[in-house]
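**Student:** Sharing a structure here in structure tokens format.
The values are calculated or read from the model by the stated rules, or taken from the named source; none is laboratory data. Worth saying up front: this structure is predicted, and the values here are computed from it rather than measured. Here the Cβ positions follow ideal geometry from the backbone for every residue, glycine too, while neighbour counts run over all protein chains shown.
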Amino acid sequence: MAKVKLIDIYNHPISQKYIRRSGMAHAISVAYYALHLAKGHNVNPDWAAKAGFLHDIGHYEWYSDGQWDYQQYREYDIHPIKGAERAHKLLIRLGEDKQAAKEIAHAILFHTDSALPKGKYELAPLQKIIHLADEKDKQPENLHHYRKIDRLKEKALIQRLDQKIENVMFEKSN
Ligand SMILES: [Fe+2]
């Protein structure tokens, strides 16, 4: 069984504050995509779902005059770096396994190339699928960050995801 459940991560005030900032609905669907992709890429499904859910936890609010300032965002954003650190701290605080916390933090750091120097990188399978899962959920004009669902539905989706993870882990161990 996973050491920390997604519902524990979801319920934590740090997640509520920072994941909501970049979109709870987006985080949940990236977690679903990541879990789905994990199967085909031989990746730990629990790590994939958690990294998917937490991948955008590092976002800062780039507002000027009440509007999101994309110019500033493009120039100064470091959300993969901030997110990797924030997610790692949260996971450790919740009692996550240290290896899992490290792999998840790395997947968040590499989910977009905005934090990387130019060049070709060979990403580990977990890092690759978080990038792919994020791409799958992207909508024109960044609408994926603004999509909303009600909180009861969010909770139900997270609980279903926990159940799915447990089922996949159980199948794998048998
Ligand atoms: Fe994203």
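**Student:** Any residue at all in the stretch 153-173 that is part of a loop (DSSP other than H, G, I, E, B), more than 18 Å from residue 37 (Cβ to Cβ) and free of Cβ contacts under 8 Å to residues at least 24 places away in the same chain?
**Tutor:** Here is the first cut: in the stretch 153-173, the residues part of a loop (DSSP other than H, G, I, E, B) are none.
No, the stretch 153-173 contains no residue that is part of a loop (DSSP other than H, G, I, E, B), more than 18 Å from residue 37 (Cβ to Cβ) and free of Cβ contacts under 8 Å to residues at least 24 places away in the same chain.
**Student:** Could you figure out which of (1) at pLDDT below 95; (2) within 15 Å of the chain's Cα centre (by Cα) isn't true of residue 123?
**Tutor:** If we test residue 123 against (1) at pLDDT below 95; (2) within 15 Å of the chain's Cα centre (by Cα), just (2) comes out false.
**Student:** A further question on this structure: Using the structure shown, decide if residue 158 is in contact with a Phe, Trp or Tyr (Cβ under 9 Å, 6 or more places away or on another chain), of a type in the set (Val, Ile, Thr) and away from the ligand (no atom under 16 Å from the Cβ).
**Tutor:** Values: in contact with a Phe, Trp or Tyr (Cβ under 9 Å, 6 or more places away or on another chain): yes; of a type in the set (Val, Ile, Thr): yes; away from the ligand (no atom under 16 Å from the Cβ): yes.
Judged against the criteria, residue 158 is a match.
**Student:** I'm told residue 22 meets every condition in (1) within 16 Å of the ligand (Cβ to nearest atom); (2) more than 25 Å from residue 164 (Cα to Cα); (3) modelled with pLDDT under 95 except one. Can you identify the failing condition by its number?
**Tutor:** If we test residue 22 against (1) within 16 Å of the ligand (Cβ to nearest atom); (2) more than 25 Å from residue 164 (Cα to Cα); (3) modelled with pLDDT under 95, just (2) comes out false.
**Student:** Another one. Give 14, 7 a once-over and let me know the one that is over 19 Å from residue 79 (Cα atoms), at pLDDT 95 or above and more than 15 Å from the ligand (Cβ to nearest atom).
**Tutor:** Numbers: 14 fails: over 19 Å from residue 79 (Cα atoms).
So the residue among 14, 7 that is over 19 Å from residue 79 (Cα atoms), at pLDDT 95 or above and more than 15 Å from the ligand (Cβ to nearest atom) is 7.
**Student:** Among the helices (runs of 4 or more DSSP H) contained in the stretch 49-115, which hold 2 or more residues that are touching a residue at least 60 places away in the same chain (Cβ under 8 Å)? Spell out the reasoning first.
**Tutor:** On the way: elements: 70-76, 79-94, 98-109.
Qualifying helices (runs of 4 or more DSSP H): 79-94, 98-109.
**Student:** Which members of the stretch 92-146 meet the condition of being in contact with an Asp or Glu (Cβ under 9 Å, 6 or more places away or on another chain), within 12 Å of the ligand (Cβ to nearest atom) and of a type outside the set (Val, Ile, Thr)?
**Tutor:** 111, 114, 131, 134, 144, 145
**Student:** May I pose another question? Give the stretch 116-135 a look and list any residue that's within 12 Å of residue 43 (Cβ to Cβ) and in a helix (DSSP H, G or I), or say none. Show your work before the answer.
**Tutor:** Here is the first cut: in the stretch 116-135, the ones within 12 Å of residue 43 (Cβ to Cβ) are 123-130, 132-133.
Those that are within 12 Å of residue 43 (Cβ to Cβ) and in a helix (DSSP H, G or I): 125, 126, 127, 128, 129, 130, 132, 133.
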